[in-house]
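Q: Provided herewith is a single structure, encoded as structure tokens, for subsequent inquiry.
The values are calculated or read from the model by the stated rules, or taken from the named source; none is laboratory data. Computed from a predicted structure; not experimentally measured. Cβ placement follows ideal geometry from the backbone for every residue including glycine, while neighbour counts extend to all protein chains displayed. For the accessible areas, the whole protein counts, side chains as well, though only heavy atoms, and no ligand, DNA or RNA atoms are used. Shrake-Rupley method; radii C 1.70, N 1.55, O 1.52, S 1.80 Å.
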Amino acid sequence: MQRLAPTAPPVRAGVERYGVRVASRADIAAIHALIREHGPSPWNYLAEPALSAHLRAIGDGVDAVLASLDDVPVAVATYAVSDDFACYQSAGRERARHGHIGEVVVHREHRGAGLGAHLLREAVAQLRARGLRECYAERHEENAGSAGMMRKAGFVVVDTFHDPMRRNVGSCRTAVCVHRSR
């Protein structure tokens, strides 16, 4: 009987191969570079100086989860406690604080592994640990990649509205999505 050489273990292609951690202020420059390099698309609204101000607030009102491979940041999701979505809160909770997902960007070469949805779920978990029940995110209504990522993470669309200042392509509409606790 002929012995076959053992087969090599499969290469992990999913999120397991990435290190995921809460970002620190020391990560701001790398996060900004990642978002500037891999975030722009016709669907994304990444206006300066608002983006820079948002990222400078990491560790001071804004937080982020960062995924790295070999110590190189390849994906990020920012989040904060907010009251910006009060009009979507259920009756009696209009004044309740809630979570807001700010930016979610995955390096082009690392898309398709579920990393964005994984970071969204982690950001929601971080916000829930603070006692927040609802978490909101926005995207261009027609951004199929973002829609799939949010769906996989448990977000559902609760509203769409005409938003030509931030969405100047396609339908020019923003979709507001929510992820509620079960």
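Q: Taking 0.36 nm per residue of separation and subtracting the Cα-Cα distance, what length does fully extending Arg21 through Arg151 add? Mind showing how you got there, number by number?
A: Numbers: separation 130, 0.36 × 130 = 46.80 nm, distance 2.24 nm.
Fully extending the segment from Arg21 to Arg151 adds 44.6 nm.
Q: Using alpha-carbon pairs under 8 Å, 6+ residues apart, how would you state the relative contact order of the stretch 79-122 in percent? Each step should come with its number before you reach the end.
A: Numbers: 36 pairs, mean separation 14.9, N = 44.
Computed value for the stretch 79-122: 34 percent relative contact order.
Q: Can you figure out the FRET efficiency of Asp60 with Arg95, using R₀ = 30 Å and their beta-carbon distance, to the nearest 0.05? Let's see the in-between values first.
A: Details: r = 24 Å, r/R0 = 0.79.
The computed FRET efficiency comes out at 0.80.
Q: Please report, in whole Å³, the volume per residue of the convex hull around the C-alpha atoms of the stretch 10-61. Write down the numbers at each step before the final one.
A: Details: hull volume 6.2 nm³, N = 52.
Spread over its residues, the Cα hull of the stretch 10-61 gives 120 Å³ apiece.
Q: Divide the volume of the convex hull of the Cα atoms of the stretch 24-171 by its number of residues and quote the answer in cubic angstrom per residue.
A: Numbers: hull volume 17.1 nm³, N = 148.
Dividing the Cα hull volume of the stretch 24-171 by its residue count gives 115 Å³.
Q: Give me the percent of the accessible area of the chain that comes from carbon and sulfur atoms, probe 1.4 Å, all protein chains in place.
A: Numbers: 5270 of 10080 Å².
Carbon with sulfur: 52 percent of the solvent-accessible area.
Q: Sticking with this one: Which residue, Ala64, Ala86, Ala117, has the most motion in a Gaussian network model of the chain that connects Cα atoms within less than 10 Å?
A: Ala86
Q: Any chance you could run the full-extension gain for Ser68 through Arg133? It's 0.36 nm times the residue separation minus the Cα-Cα distance, nm to one decimal. Each step should come with its number before you reach the end.
A: Numbers: separation 65, 0.36 × 65 = 23.40 nm, distance 2.83 nm.
Computed gain between Ser68 and Arg133 is 20.6 nm.
Q: Kindly provide the helix-only [θ] at 222 nm of the chain, computed as the sum of -39,500 (n - 2.57) over DSSP H runs of four or more divided by all residues, to the nearest 500 deg cm²/dmol? Please report the intermediate quantities before stating the final value.
A: On the way: 4 runs with 42 residues, N = 182.
Mean residue ellipticity, 222 nm, calculated: -7000 deg cm²/dmol.
Q: Turning to a different aspect of this structure: Expressed in nm to one decimal, what extension gain is obtained for the pair Glu37 and Asp84 from 0.36 nm per residue of sequence separation less their Cα-Cα distance? Mind dumping the intermediate values first?
A: Values: separation 47, 0.36 × 47 = 16.92 nm, distance 2.78 nm.
The span from Glu37 to Asp84 would gain 14.1 nm if fully extended.
Q: Could you grab the relative contact order for the stretch 106-182? Cα pairs under 8 Å, six or more apart, rounded to a whole percent. Show your work: numbers first, answer last.
A: Details: 94 pairs, mean separation 25.9, N = 77.
Here the relative contact order equals 34 percent.
Q: May I ask you to derive the relative contact order of the chain, considering only C-alpha pairs under 8 Å and at least 6 residues apart, and to give it as an integer percent? Write out the running numbers ahead of the final one.
A: Numbers: 297 pairs, mean separation 34.4, N = 182.
Dividing the mean separation by the residue count of the chain yields 19 percent.
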